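Below is one structure, written out as structure tokens, with a few remarks after it.
FYI, it's all coordinate maths here, none of it is from the lab. In this text, all values refer to a predicted model and were calculated from it rather than measured experimentally. Virtual Cβ from ideal backbone geometry, glycine too; neighbours counted across all protein chains shown.
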Amino acid sequence: MIRVGLVDDHPVVLASVAAAIQAERDLVLLGAAATESDALVLARSVDVLVCDVQLDGRAEGLRILEALHDPARMAVETPPAVILLSGFEQPSLMRAAIERGAAGFLPKSAELAQVVAAIRSVASGGTAFSAAALRSTRTALRRPSDRELQVIERVRAGSTNAEVAVALGLSEKTVESHLRRLFDRYGLLSRTELAVLAIDEDWVPTRRDDP
């Protein structure tokens, strides 16, 4: 039996995937989680973790991946294989998933039969990435670090460097260094270009007043 855990904060998605797993004789659903902390607890007892990239509007699925491969946080010899589900298919997001050790990446529009097949594949040591997804990651932008994302979020909100520094407990010079590295890495010339790129790549949550 393949022990499976689900991580998603959308009840409808959880219910549909859970039903598909429970209908299979070789799969057993051991539990579901909606937060990063609960997901890490669940991960200790499953072979495969099917995890939404976005939890509470943020890419916590990537943080879960990082934690699972960090011996200091997970006292398990072999972490479960992780399949990420996402409503967004930006190449930079797929690249980040692969770099953090994901065994698969599927769009939320995938058929349930495809999700079940992916679970069996990664449980046996395989992967579940489409050829198109793998090709797209070769030239994908590298996703910013968590700290860089915090800076970007506040820049996008219109904060000055001084305001960003106070909000994040940094010096203004450190904020300037973060921005300079981001501009150089992505070939940008302004804070506006950085904000637009972050929106296009889905690096920051979309505000309610965004079109």
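Details
- I98 meets all of the listed conditions (1) among the aliphatic types (A, V, I, L, M); (2) within 11 Å of the chain's Cα centre (by Cα); (3) crowded, with 21+ Cβ neighbours inside 10 Å but one, namely (3).
- Per the conditions (1) farther than 28 Å from L6 by Cβ; (2) without any contact (Cβ under 8 Å) to a residue 12 or more places away in the chain, the sole criterion not satisfied by S124 is (1).
- Flag for L62 being closer than 17 Å to V122 by Cα and of a type outside the set (G, A, S): no
- Of all residues in the stretch 111-136 being more than 20 Å from L62 (Cα to Cα) and hydrophobic (A, V, I, L, M, F, W, C), the one that is surrounded by the most Cβ atoms within 10 Å (Cβ to Cβ): V116
- Test: residue in the stretch 178-187 that is in contact (Cβ under 8 Å) with a residue 60 or more places away in the chain and over 28 Å from P71 (Cβ atoms): no
Here's the yes/no breakdown for (1) among the hydroxyl-bearing types (S, T, Y); (2) free of Cβ contacts under 8 Å to residues at least 60 places away in the same chain:
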{"site": "Q54", "(1), (2)": "no, yes"}
{"site": "I64", "(1), (2)": "no, yes"}
{"site": "S86", "(1), (2)": "yes, yes"}
{"site": "V116", "(1), (2)": "no, no"}
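- Residue under evaluation R135, criteria (1) in contact (Cβ under 8 Å) with a residue 24 or more places away in the chain; (2) closer than 17 Å to Q90 by Cβ, criterion not met: (1)
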